[in-house]
1. Report the net charge of residues surrounding VAL62, where surrounding means a beta-carbon distance below 13 angstrom and charges are Lys +1, Arg +1, Asp -1, Glu -1.
2. Could you derive backbone 3J(HN,Hα) for the range 23-34 from the dihedral phi with the Karplus parameters 6.51, -1.76 and 1.60 (θ = phi - 60°), listing whole Hz in sequence and x where the residue is Gly or Pro?
3. With each run of n ≥ 4 DSSP H residues scored as -39500 (n - 2.57), what mean residue ellipticity at 222 nm is computed for the chain after dividing by its residue count and rounding to the nearest 500 deg cm²/dmol?
4. Give me the aspartates and glutamates in straight-line cross-link reach of LYS135: C-alpha distance below 17 Å, same-chain residues under 8 apart excluded.
5. Any idea what log10 I(q)/I(0) is at q = 0.24, 0.25 Å⁻¹ for the range 102-190, Debye with uniform C-alpha scatterers and no solvent?
6. If only Cα atoms are counted, what is the Rg of the chain, and what is its Dmax, in Å?
7. What is the diffusion coefficient of the range 51-168 in µm²/s, taking the Kirkwood radius over Cα pairs and the Stokes-Einstein relation at 10 °C with a viscosity of 1.306 mPa s?
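Read-outs: derived from the displayed coordinates by stated rules, not from any lab. Please read these numbers as outputs of a predicted model, since none were measured by experiment. Don't worry about glycine lacking a Cβ; one is built from the backbone with ideal geometry, like all the others, and counts go over all protein chains shown.
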Amino acid sequence: MSEIDAVIERPETTIDGIEYGPLAALIGVWKGDQGVDIAPEPDGTENNPYFETITFEPAKDVENAEEQELVAVRYHQQVTRTSTGKVFHDQVGYWMWDARTRTLMHSFTIPRAVAIVSGAVLTEDQSNNPTPLLKVTAGIDPDWPIAQSPFMAQKAKTLSYECKIKVNGDKMSYAQTTMLDIYGREFEHTDKNALKRVGD
């Protein structure tokens, strides 16, 4: 991902008295029209330009088993194919932050009967950076699994997932890679885009 310049500095990380740490930089409504989706086809590769809207909202704090304290940001991502104007991807999920262990987590589902729980432990510098790089993976470490239906596991199995998001003020870029076992081969399905924050 390319470096991006800040338009508005947003150093505050506390919202309604809750400390969101690196997740605070995500909150808002984002739009971008520079998306590129590289997807598998039975006889090759499909290149799909796209535009999208992603809305991140504070989802308050959560306590697990009276031991773990998390903060969460809920999001909805809607992706539209530039060539047809039709939505071809709809995703909902959460980004979560455990400040005590500096663990970053990302969980989401897509309407193909696939669910992913990805995560990573950030260094102190990463977690305190006002322009964070959020990077999580799943499917490589057994602690961060991928669940999918029997049909998907047989026909289009997700082997691993990696997502990187760079936020700098009111600009954000991301790149994600999903390794698939599909059409008799392994395929690196990639998506990337650059977005601007257009609302809170």
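1. Every neighbour counted, the sum reads -4.
2. Each residue's phi maps through the Karplus curve to give 6, 4, 5, 7, 5, x, 9, 10, 9, x, 10, 10 Hz.
3. When only DSSP H runs of four or more count, the value is -1000 deg cm²/dmol.
4. GLU3, ASP98, GLU124, ASP125, ASP143, GLU162, ASP191
5. -1.20, -1.25
6. Computed over the Cα atoms of the chain, radius of gyration and Dmax are 17.0, 54 Å.
7. For the chosen part, D equals 101 µm²/s.
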